[in-house]
1. Between TYR223, TYR56, TYR164, where does the largest GNM mean-square fluctuation fall for the chain, given springs only between Cα atoms within less than 10 Å?
2. Name the residues whose placed amide hydrogens come within less than 5 Å of the amide hydrogen of LEU322, ignoring near sequence neighbours (fewer than 5 apart) on the same chain.
3. Quote the relative contact order of segment 1-109 in percent (integer), defining contacts as alpha-carbon pairs under 8 Å separated by 6+ residues.
4. Between ALA348 and ASN121, with labels modelled 7 Å along Cα→Cβ, what's the label distance in nm to one decimal, could you check?
5. For the chain, with the dipole built from +1 on Lys and Arg beta-carbon atoms and -1 on Asp and Glu ones, taken about the Cα centre, which of PHE232, ALA140, ASN346 lies farthest toward the positive end?
6. What does the charge dipole of the chain about its Cα centre add up to, to the nearest 20 debye, if the Cβ of each Lys and Arg holds +1 and the Cβ of each Asp and Glu holds -1?
7. When the chain is modelled as a GNM with alpha-carbon springs shorter than 10 Å, which of ASN357, ASN343, ASN122 fluctuates the most?
8. Stretched out fully, how many nm does the piece from ASP211 to ASP34 gain, at 0.36 nm a residue minus the Cα gap?
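Any read-out appearing in this document is the output of simple, stated calculations on the displayed coordinates, not a laboratory observation. Please read these numbers as outputs of a predicted model, since none were measured by experiment. Note: ideal-geometry Cβ built from the backbone for every residue, glycine included; neighbour counts use all protein chains shown.
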Amino acid sequence: MANQSSSYPILCASFNQDNSCFAIGTRNGFKIFDCNTGRLLYQRDVGAFIIVEMLYRSNLLAIVGAGEQPSLSPRRLCLFNIINGTALRELNFLTSILSVRVTRKRLIVVLQEQTYIYDVNNLEIKRIIDTVPNLKGLCAFSTSLENPYLALPASTMNGSVLVYKVIDLNTHCEVHAHRSPLAAIAFSSNGMYIATASEQGTIIRVHLISDATKSYSFRRGTYPSTIFSLSFGPSTDLPDILLATSSSGSVHVFSLGLDQNERSRKSNSFLGSIMPGSVSDVLDPAHHLVFHHVFTAGVKSDAVVRKIDKASGSSMSEHIALRATVSVITFSGYFQEYGFRLNHKNEATWTLEHEYNLLTAIAEETTS
């Protein structure tokens, strides 16, 4: 998630694939933190960076400079080894790199009108996708071994998404999600679902990838707002919750684990008989919780659901249906960890458990 505006001290922020660590880029360099402890693991002060992507907890980083000095061109991708502080390989492009995603098998590089897919082991180009103008570098990349999908905008006029299989390199489907252009895309951890938000930011939609069908629609609000990030809760099946951060300074939690009997009752109601299920979900506030003033309105943010415990566990209180750990990075320079609890009456509590200043953090052992 990159931001080139000088109004923020953080230029980019991203969680690694299992949300155990995160990296930030600033005008001075980049830093890597442990999500569980908030501890600064690594930093390097060599100039401004707009992309810093981790490969799980390995020594490999994919980094792109902000172009404020010749050696850190935004057209050059560097695969960097943090152990010895050297560049393993460099890839140069004709235009600026807007996004990078990496897994153990594939490296994705997003330019304004092209997306490159590489074999991460030998950096062989597997496919070059010509895209519609993608000024924001929007993309989503599923890290699931069973469903390794890549999603890219399909139109500049509406919120359609093209989904590709990155192993066999074929187009899988096109999802027609919104009438307005896209603002955010995210896959569930199992790669089975994709969440989208448009530039209007009023509706969040979730589609099942296997047949491109709409599973859920949620109304975030009545007035337009910029959606900064989308994140599913970790799950091997249907995710329990979907998280969204918006320019209003709020975090929105949408419940996906809707009881099937409740769906059946809804479909048998008068409203359900004249409206499709996805539309009636939009009108149902019971599955949308809003936590206001989590961060300053207008400040960019990225948030993920790191852990989830459900009521089936013996350690859970009988009154608690779901407990989650939510981590938020603000581009103003803070990392916040919240405890989210939801009871069986759909009543929620939201507790700030930890907060760290990312700009003043000092590593126990600095390798820079």
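1. Its mean-square fluctuation being the largest, the pick is TYR223.
2. LEU342
3. 18
4. So the two model labels end up 4.3 nm from each other.
5. Final value for the positive-end residue is ALA140.
6. 340
7. The residue with the greatest mean-square fluctuation here is ASN122.
8. 60.0 nm
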